[in-house]
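Student: Just dropping this structure here.
Any read-out appearing in this document is the output of simple, stated calculations on the displayed coordinates, not a laboratory observation. The shown structure was predicted, so the numbers you read here are calculated from the model rather than taken from an experiment. Here the Cβ is made from the backbone with ideal geometry for all residues, glycine too, and neighbour counts use every protein chain on show.
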Amino acid sequence: MTDPYLDGVYRWWHLSAPSPELVEAEADGWLGAPGAVVDIGCGLGTEIAYLAARGWKAAGIDLSDVALVRAKGAHSGVPFVQADVLTLPFAAGALDLALDRGCFHYLSPPQRAGYAAEAWRVLRPGGRLLLRACLTSGGARNEVTEPGISEAFAGWAVDRLERADLRSDTRTMQALVIRLRRD
């Protein structure tokens, strides 16, 4: 598989400014006070750098070495680590917030429950996950649905789940924007 940060495919989803849904969640207080945060699938690091500048103890993870090298070059002072979303490199209960604007929808339906369990593990009680899951991956419908979110995140509080148009620098994608909280 070709690295999307090497062949330019990342431009489909990359947004060079903090996303409107992140800015809204911050503005309405849903993110809570700055604490420890991870951006799961951070790409070029735009959102995690935004939160780091606002006082969050931030880290970004991605599988793409190319993305991480570029993120490190653009955002000094933010740690970026190569890691898999199903085995996050954080202690249990270490985080207050997790962001995902591009990983969950690439997982197969059987992997999604493992993703939710791993996010649950690293978040403290009351921790939050701002999940943006596109309804297509690689141009094909990907089985992300409202009932599938409820199934994968059984036991989580869903503070908001809505369909929305997710902007990138080059297009708009249909997505579910979900605010989840670990109770």
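Student: Run the numbers on the chain and let me know its relative contact order in percent, using alpha-carbon pairs under 8 Å that are six or more apart.
Tutor: Reported as a whole number, the value is 21 percent.
Student: Then there's this: Given the rule -39500 (n - 2.57) for each run of at least 4 DSSP H residues, summed and divided by the residues of the chain, what is its mean residue ellipticity at 222 nm, to the nearest 500 deg cm²/dmol?
Tutor: -7500 deg cm²/dmol, from helical runs alone.
Student: With just the Cα atoms of the chain, tell me how far they stretch along each of the three principal axes, in Å, largest first.
Tutor: Result for the chain: principal-axis Cα extents of 39, 37, 30 Å.
Student: Residue separation times 0.36 nm, minus the C-alpha to C-alpha distance between residue 167 and residue 57: what's the value?
Tutor: Roughly 37.0 nm would be gained on extension.
Student: Sticking with this one: Computed FRET efficiency, Cβ-Cβ of residue 76 and residue 33, R0 30 Å: what is it to the nearest 0.05?
Tutor: Between residue 76 and residue 33 the formula returns 0.75.
Student: Under a plain spin-label model, where a point goes 7 Å from the Cα along Cα-to-Cβ, how far apart in nm are residue 66 and residue 150?
Tutor: Label at residue 66, label at residue 150, 4.0 nm between them.
Student: Residues of the stretch 137-165 with amide nitrogen under 16 Å from the 7 Å Cα-to-Cβ point of residue 12?
Tutor: 137-144
Student: Per residue Cα convex hull volume for the stretch 44-111, in cubic angstrom?
Tutor: Residue-normalised Cα hull volume stands at 95 Å³.
Student: State which stretch of the chain is the longest one without any exposed trypsin sites (Lys or Arg not before Pro), exposure meaning a DSSP loop state and at most 15 other Cβ atoms within 10 Å.
Tutor: 55-170
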